[in-house]
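Participant: Take a look at this one; I'll ask things after.
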Amino acid sequence: MISQLAHRGPDGRGLFVEGPAGLGHSRLSIIDLEGGSQPLAGADGTVHVTFNGEIYNFR
């Protein structure tokens, strides 16, 4: 699945699979070159997300 996203960005890949569902992310680093690994997980691990965007005013 993730190999189909390689053209979206060469700077990182992430994959989360649980049961019949999966999330894949291919990253192009523009702003934050070190952080930003995805998919992201909530503190308790029950929610996972991958997105194309930026979070402003994060503290």
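Read-outs throughout are calculated quantities, based only on the coordinates presented, and are distinct from any laboratory measurement. What you see is a predicted model; the values in this text were computed from it and never measured. A quick note on method: Cβ atoms are made from the backbone with ideal geometry, for glycine too, and the neighbour counts reach across all protein chains shown.
Participant: The list [x] 20, 52, 25, 2; [y] 25, 53, 18, 5, 0; [z] 21, 38, 25, 14, 1 gives values of P(r) over Cα pairs in 10 Å bins from 0, in percent, and only one came from this structure; which label was calculated from it?
Facilitator: [x]
Participant: Please identify the GluC sites (Glu not before Pro) of the chain that satisfy two criteria: DSSP loop assignment and at most 16 other Cβ atoms within 10 Å. Which are they?
Facilitator: In loop regions of the chain (DSSP not H, G, I, E or B), the sparsely surrounded GluC sites (Glu not before Pro) are E34, E54.
Participant: If you don't mind, another one. So, with +1 on the Cβ of K and R and -1 on the Cβ of D and E, and no other charges, what is the size of the charge dipole of region 2-49 about its Cα centre, to the nearest 20 debye?
Facilitator: 200 debye
Participant: What ranking do I2, I55, I30 get, fewest neighbouring Cβ atoms within 10 angstrom at the top?
Facilitator: I55, I30, I2
Participant: I would also like to ask the following. Mean-square fluctuation check for the chain, GNM, Cα pairs under 10 Å: which of G14, G42, G24 is largest?
Facilitator: Per the Cα network of the chain with a 10 Å cutoff, G42 tops the list.
Participant: Would you order R8, R59 from fewest to most other beta-carbon atoms within 10 Å of each residue's own beta-carbon? Intermediate results must be reported in sequence, preceding the final value.
Facilitator: Details: R8 14, R59 2.
Fewest-to-most Cβ neighbours within 10 Å comes out as R59, R8.
Participant: Sorted from fewest to most neighbouring beta carbons within 10 Å, what does the list F58, F16 look like?
Facilitator: On the way: F58 5, F16 16.
Arranged by neighbour count, lowest to highest, F58, F16 become F58, F16.
Participant: In nm, to one decimal, how far is the A43 label point from the D11 one, both placed 7 Å along Cα→Cβ?
Facilitator: 2.8 nm
Participant: Could you give the nm distance between label points at I55 and S29, where each point is 7 Å from its Cα heading toward the beta carbon?
Facilitator: 1.9 nm
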